[in-house]
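The structure under discussion appears below in the form of structure tokens.
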Amino acid sequence: MNDANEVKANPHPVVIGKTTARELTPSTSPSFSFPIGYYDLHPDISINFQLNRFYGWVGEDSMLTEMRGAVAGVNDYPTFTKVVLDLGEKALARQEVRKGAYYLRLAEFFLLFSDPRKLPTRQRFVDLLLDHLEIAPSAYSKIPFETGWLPAYRLTPEKPRATLVVFGGFDSYIEEWMPAALVFRDAGYDTILFEGPGQGAALELANLTMSPEWEKPVKAVLDFFRLDAVTLMGFSLGGGLVIRAAAAEPRVRRVIAYDIMTNGIECFLRPLPPPAQKELLDWIDTGNEGAVDKFFADAMAKSLLLDWMVKLALHNTGTLTTYAMLKHYQKYETASISSRLTQDVLLMAGAEDHYIPVHQLPDQIATLTHVRSLTARLFTRAEQAQNHVQVGNMGLAFRTMIDWMTSLGPIETLTDE
């Protein structure tokens, strides 16, 4: 029997849950069944994660064989994108639309914004997937926001039991998450997906750069759809943004952090050795801009991952220097505002998340001192869910969210209290 720790607090006593092997079955809906398994497909930890991430949205074993064979020995992003784009074209020629679409997204993921292939590949992925999943054009809205607009999709079942509002993180396109949205819709939830500043079309087409003031895009979405009581879920970096938004938006009645993210700059610096992290934080605190920029210029010349990550972060935030970008990401923290939350909260974390240190789970728990209820779920290797946003067993993560929402009963509006 595999232990899966689940801690519930305020006002409930601590509960330790158990997950048996027979329960580790794919989450299903009329739309999709999510696979279980995290595979060694490439020696680079980041590339391997992305290969598993996009396989998780497809779930065909042939994709594992194809990727293993195609990317073996490939250690640079230009070759990787060329190889994966070719896999996508071959899959589409075989009428394997879902697989082909996600191959395009996987290749596009590693293309810099300056690459002329990026936006056409992104749009092709979006068009192919929406058509394949039969998402009607009427499900899509452009929500006016500041100098641009926010893209949103609404998937509503015949008899909604509640409303779930979802957004992503540092590098996500919300369309990628559409198969999961269908699962929540089929479970009875009026499901709204949107991209905020610095994400997807809000960044690439509406030119809105990232902001830690996430209550503002959330307010725009709730106002646009005239919603007064919702569950708000953010994934990846969104696991921190959702806490920030909920602290200032009373119409958010329930909160899901998938996964937690209490300190953005710690996550950003995590690929670096601990001594370098400490030195950089000292330079940032003392305003030593030259030292920070020189360090990253040298490090980026030696690391494709760091080069890609920094350039994407500069693009997302609209900052011009690495120092300015890191100062910006210092604002992505939750300790200063967590005590203001009074909602029901679900925190999720992967025990071996290579982006977000696992200590951020107890850090987040410790600061949520006034919530109505708190449930924390640590996903483990025994469940094949130990990675960031449970890549390897995303179906278990979605089932956990649905079970949590169901267990709380009907959602209260502000007038109910």
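The values are calculated or read from the model by the stated rules, or taken from the named source; none is laboratory data. Keep in mind that what you see is a predicted model, and the values were worked out from it rather than measured. For neighbour counting, all protein chains shown are included, and Cβ atoms are generated from backbone atoms with ideal geometry for every residue, glycine included. All accessible areas refer to the heavy atoms of the entire protein, side chains included, with ligands and DNA or RNA removed. Shrake-Rupley method; radii C 1.70, N 1.55, O 1.52, S 1.80 Å.
Annotations
- Lone qualifier among Arg253, Arg244 - being in contact with a Pro (Cβ under 9 Å, 6 or more places away or on another chain) and either within 22 Å of Ala349 (Cα to Cα) or at pLDDT below 95 (or both): Arg244
- Boolean, Pro137 is more than 22 Å from the chain's Cα centre (by Cα), open to solvent by 30 Å² or more (accessible area, probe 1.4 Å) and more than 18 Å from Glu195 (Cβ to Cβ): no
For every residue, the table says whether it meets (1) open to solvent by 10 Å² or more (accessible area, probe 1.4 Å); (2) at pLDDT 95 or above; (3) over 17 Å from the mean Cα position of the chain (by Cα); (4) of a type in the set (Lys, Arg).
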{"residue": "Leu346", "(1), (2), (3), (4)": "no, yes, no, no"}
{"residue": "Thr367", "(1), (2), (3), (4)": "yes, yes, yes, no"}
{"residue": "Thr380", "(1), (2), (3), (4)": "yes, yes, yes, no"}
{"residue": "Asn393", "(1), (2), (3), (4)": "no, yes, no, no"}
{"residue": "Thr400", "(1), (2), (3), (4)": "yes, yes, no, no"}
{"residue": "Trp404", "(1), (2), (3), (4)": "yes, yes, yes, no"}
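- Long-range neighbours under 8 Å by Cβ, at least six apart or interchain, first residue without any contact (Cβ under 8 Å) to a residue 40 or more places away in the chain within the range 201-213, second open to solvent by 10 Å² or more (accessible area, probe 1.4 Å): Glu213/Arg244
- If you go through the range 278-313 and keep only what is modelled with pLDDT under 95, open to solvent by 40 Å² or more (accessible area, probe 1.4 Å) and in contact with a helix residue (DSSP H, G or I) (Cβ under 6 Å, 6 or more places away or on another chain), you end up with Leu304, Leu305.
- One residue stands out in the range 144-181 among those that are within 21 Å of the chain's Cα centre (by Cα) and β-branched (Val, Ile, Thr): the one that is most open to solvent (accessible area, probe 1.4 Å), namely Thr163.
- Gly234 vs. criteria closer than 21 Å to Val165 by Cβ, under 19 Å from the mean Cα position of the chain (by Cα) and part of a helix (DSSP H, G or I): no
- Odd one out for Lys216 among (1) surrounded by 18 or more Cβ atoms within 10 Å (Cβ to Cβ); (2) of a type in the set (D, E, K, R); (3) under 28 Å from Ile356 (Cβ atoms): (1)
- Selection of first residues in the range 44-66 that are within 15 Å of Ser172 (Cβ to Cβ) and of second residues that are at pLDDT 95 or above, restricted to Cβ pairs under 6 Å at least 6 apart or on distinct chains, gives the following pairs, ordered by first then second residue: Arg53/Val391; Phe54/Tyr102; Phe54/Leu106; Gly56/Val391; Gly56/Met394; Trp57/Tyr102; Trp57/Pro179.
- If you filter the range 323-344 down to residues that are of a type in the set (Phe, Trp, Tyr) and in a helix (DSSP H, G or I), you find that the one that is most open to solvent (accessible area, probe 1.4 Å) is Tyr323.
- In the range 266-277, residue farthest from Val358 (Cα to Cα) [restricted to those that are open to solvent by less than 80 Å² (accessible area, probe 1.4 Å) and assigned to a helix (DSSP H, G or I)]: Ala276
- Tally of residues being part of a loop (DSSP other than H, G, I, E, B) and not polar (S, T, N, Q) across the range 200-227: 9
Conditions tested, residue by residue: (1) farther than 19 Å from Gly100 by Cβ; (2) among the acidic types (Asp, Glu); (3) surrounded by fewer than 21 Cβ atoms within 10 Å (Cβ to Cβ).
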| position | (1), (2), (3) |
| --- | --- |
| Gly37 | yes, no, yes |
| His42 | yes, no, no |
| Ser46 | yes, no, yes |
| Val58 | no, no, no |
| Gly69 | no, no, yes |
| Gly73 | yes, no, yes |
| Pro78 | yes, no, yes |
| Val83 | no, no, yes |
